[in-house]
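The values are calculated or read from the model by the stated rules, or taken from the named source; none is laboratory data. Everything numeric in this text was worked out from a predicted model, so none of it was measured. All Cβ positions, glycine included, derive from the backbone under ideal geometry; neighbour counts span all protein chains shown. When the accessible area is computed, the model is the full protein with side chains, heavy atoms only, and any ligands, DNA or RNA have been set aside. Shrake-Rupley method; radii C 1.70, N 1.55, O 1.52, S 1.80 Å.
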Amino acid sequence: MGLLSIIRKIKRKEKEMRILMVGLDNSGKTTIVLKINGEDTSVISPTLGFNIKTIKYQKYSLNIWDVGGQKTIRSYWRNYFEQTDGLVWVVDSSDIRRLDDCRAELHNLLKEERLAGASLLVFANKQDIQGALKPAEIAKVLDLAAMEKSRHWQIVGCSAFTGDGLLQGFDWLVQDVASRIYVLD
Ligand code: G3D
């Protein structure tokens, strides 16, 4: 076995990605993580501190950090930024009243230097609720076009209840991160 193939083999075992789930409280972060992991989503309590879950996804092992979004603990988000490969920003698309707050928090987060290289997936969640804004409308309100050149990002409509859109979103994120950090493949 050549050296390169040995290195490749080792790399394959290490196919870990660190994903940070963020967004305002009640946006659906915990429900999304449970759903993607095939767990019962009927009884969940709001994320107070944080949950870490390792999920096998395709050939990768995703370390998912689900951080609480309550106003009082948003200042702690910064403690989880180190080595983040992918950011998932979850939006409650039916909570129109809080979209300004949502935009401000997102742009504030993206100023963080340690997150500069991370791919960004925006989940326009709760699409099952009547009156929820569509992904294109959410993109506009959140002013996502402003970072067109500076970052890889994608917005995907989803429902953590039905599961619609979740795989589409994670597929994009995982592929985008993989193409950046696993160049040997
Ligand atoms: P968080 O982890 O971001 O704080 P949660 O959010 O996952 O705790 O979800 C907050 C509430 O929104 C929960 O309702 C949850 O069931 C609901 N929710 C999450 N995703 C969806 C969705 O796609 N559609 C709908 N209709 N509701 C969703 P409760 O009532 O338990 O507070």
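Summary of values
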| quantity | calculated |
| --- | --- |
| Among the residues listed as ALA146, ALA132, ALA139, the single one being assigned to a loop (DSSP other than H, G, I, E, B) and within 17 Å of ARG103 (Cβ to Cβ) | ALA132 |
| Residue tally, condition touching a residue at least 60 places away in the same chain (Cβ under 8 Å) and in a helix (DSSP H, G or I), over the stretch 84-99 | 1 |
| Any hit, the stretch 161-173, residues being more than 13 Å from the ligand (Cβ to nearest atom), surrounded by fewer than 17 Cβ atoms within 10 Å (Cβ to Cβ) and more than 17 Å from MET21 (Cβ to Cβ) | no |
| Subset of the stretch 58-81 (residues that are farther than 29 Å from ASP101 by Cα and open to solvent by 20 Å² or more (accessible area, probe 1.4 Å)) | GLN58, LYS59 |
| GLU137 vs. criteria open to solvent by 80 Å² or more (accessible area, probe 1.4 Å) and at pLDDT 95 or above | yes |
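Residues checked against (1) outside any loop (DSSP other than H, G, I, E, B); (2) modelled with pLDDT under 90; (3) away from the ligand (no atom under 12 Å from the Cβ):
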site	(1), (2), (3)
SER61	yes, yes, yes
ASP66	yes, yes, no
SER75	yes, yes, yes
GLU82	no, yes, yes
ASP101	yes, no, yes
HIS107	yes, no, yes
LEU120	yes, no, yes
PHE123	yes, no, no
